[in-house]
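Participant: Okay, here's the structure, questions in a sec.
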Amino acid sequence: MDDRPRFDAKYLVGIQQVDREHQQLFEIVARVYDNLGANDPTPEAVTRALVAELLDYTATHFSSEEHLMAAAGYPELEAHRGQHQHLLAQARDMEMRAAIGDRHMPVELSHFLYRWLVEHIEASDRKFGEFVAARSAESRR
């Protein structure tokens with residue numbers, strides 16, 4: 001597919017663990033794109049497995065990120081957690097629709113998660129990175 005997701009330095013938030021996990025999310029989304037864009041029809045089981053991997057890793061990343069936020073005393077943790085929960089609910093609903101035969105849903109889900117990931121990194125995760133950087137700068141004074 002022409003619009004294959006690619007991780008870029010502009011998505012770095014300055015927290016190594018979060019940045020590594022974001023890069024992994026981009027790689028999984030790209031594999032879903034590659035799988036859905038293949039010329040040969042892909043068995044539904046393969047598509048479902050990739051989508052499940054994407055959603056499972058997304059949930060793992062969210063948990064990891066929220067743990068880091070709690071440890072840092074991030075004041076926007078609860079709002080951030082709410083964003084994560086909302087996304088996972090939407091994504092799980094799409095996954096279920098794909099499982100019951102909506103053939104377009106894996107494509108829609110991968111596009112949705114990619115757009116959401118980019119927007120979430122740029123709007124919310126970057127704030128957390130700035131918070132951690134400011135705290136680090138304060139502690140060095």
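Participant: For the stretch 121-130, in order, what is each residue's ³J(HN,Hα) by Karplus, 6.51 cos²θ - 1.76 cosθ + 1.60 with θ = phi - 60°, in whole Hz (x at glycine and Pro)?
Facilitator: 4, 5, 9, 10, 5, 4, 4, 5, x, 5
Participant: What are the ³J(HN,Hα) values, in whole Hz, obtained from phi via the Karplus relation 6.51 cos²θ - 1.76 cosθ + 1.60 with θ = phi - 60°, for each residue of the stretch 54-66 in sequence order, with x given for Gly and Pro?
Facilitator: Result, rounded to whole Hz: 4, 5, 5, 5, 4, 4, 4, 4, 4, 4, 4, 5, 5.
Participant: Within the stretch 34-114, which chymotrypsin sites (Phe, Trp or Tyr not before Pro) sit in a loop by DSSP and count at most 12 neighbouring Cβ atoms inside 10 Å?
Facilitator: Taking the stretch 34-114 and a limit of 12 other Cβ atoms within 10 Å, no loop chymotrypsin sites (Phe, Trp or Tyr not before Pro) are found.
Participant: Top mean-square fluctuation among Met96, Met105, Met69, Gaussian network model of the chain, C-alpha springs under 10 Å?
Facilitator: Result: Met96 has the largest fluctuation of those listed.
Participant: Between (1) 1.08; (2) 1.14; (3) 1.45, which matches Cα Rg over 2.2 N^0.38 Å calculated for the structure shown?
Facilitator: (2)
Where a number appears in this text, it was derived from the coordinates with a stated rule and is not lab data. Computed from a prediction, not measured in an experiment: that's the story for all the values here. Cβ atoms come from the backbone with ideal geometry, glycine included; neighbour counts cover every protein chain shown.
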